[in-house]
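Step one of this worksheet: look at the structure below.
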Amino acid sequence: ATNNYVAIGEWSAGVELLESDANSFAISAASEICFPSGFDSTYELFVGVVAHSGSGGDVYRVTSDAAYYLNVDADIISLDLIDETGSTELLAGAAASAQVYFSPDGGVNWAGSTKQPTGGSKTYVLMAADFADSSKAFAATSGTESAFSYTPDDGITWNQLSLIDTALNEIIDL
């Protein structure tokens, strides 16, 4: 089972995430903090970060000793994972676009969507309970033409299921 926690907005004073030996950076928001099923024995979790200053946003693998930068190279507002039989698959939603990133190997390698969900920004992702077998997931976006979308292929291509925020200026015929 996966436990997800979300914190959106400004963090209180004194919170920082250190990247190896680098200087700390301010965090304006963190997406879901995902605990793999083996957390009790490994003390390993994953955090998606939106950096305050524009650098440092990414997905991090956090252990009891350090936080490891996983090289998505984007501010991440949403994160979900499936952890079965020691294999962690991650899906991450971008904060400033409708891009979704998928990692089949615990964050070692990442692939971005070739057909993104409809919408302008803040992409929130959710893997289906049977994602490891079905590769199905869902995304909700915000901004202009935001929508609820679905993927049957690990987040590579997304298809819009419904509009959330769209404007109709004229109806010609019913």
Given the criteria over 24 Å from residue 47 (Cβ atoms), open to solvent by 60 Å² or more (accessible area, probe 1.4 Å), in a loop (DSSP other than H, G, I, E, B) and not aliphatic (A, V, I, L, M), does residue 118 qualify? no
Any idea which of 86, 57 is modelled with pLDDT under 95, out of contact with any Ser or Thr (no Cβ under 6 Å at 6 or more places or on another chain) and open to solvent by 30 Å² or more (accessible area, probe 1.4 Å)? 86
Identify, please: which residue in region 102-122 is modelled with pLDDT of 95 or more and hydroxyl-bearing (Ser, Thr, Tyr) and is, among those, farthest from residue 89 (Cα to Cα)? 114
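The values are calculated or read from the model by the stated rules, or taken from the named source; none is laboratory data. Predicted model, so just to flag it, every value in this text is computed and none were measured. Virtual Cβ from ideal backbone geometry, glycine too; neighbours counted across all protein chains shown. Heavy atoms of the whole protein, side chains included, go into the accessibility calculation; ligands, DNA and RNA do not. Shrake-Rupley method; radii C 1.70, N 1.55, O 1.52, S 1.80 Å.
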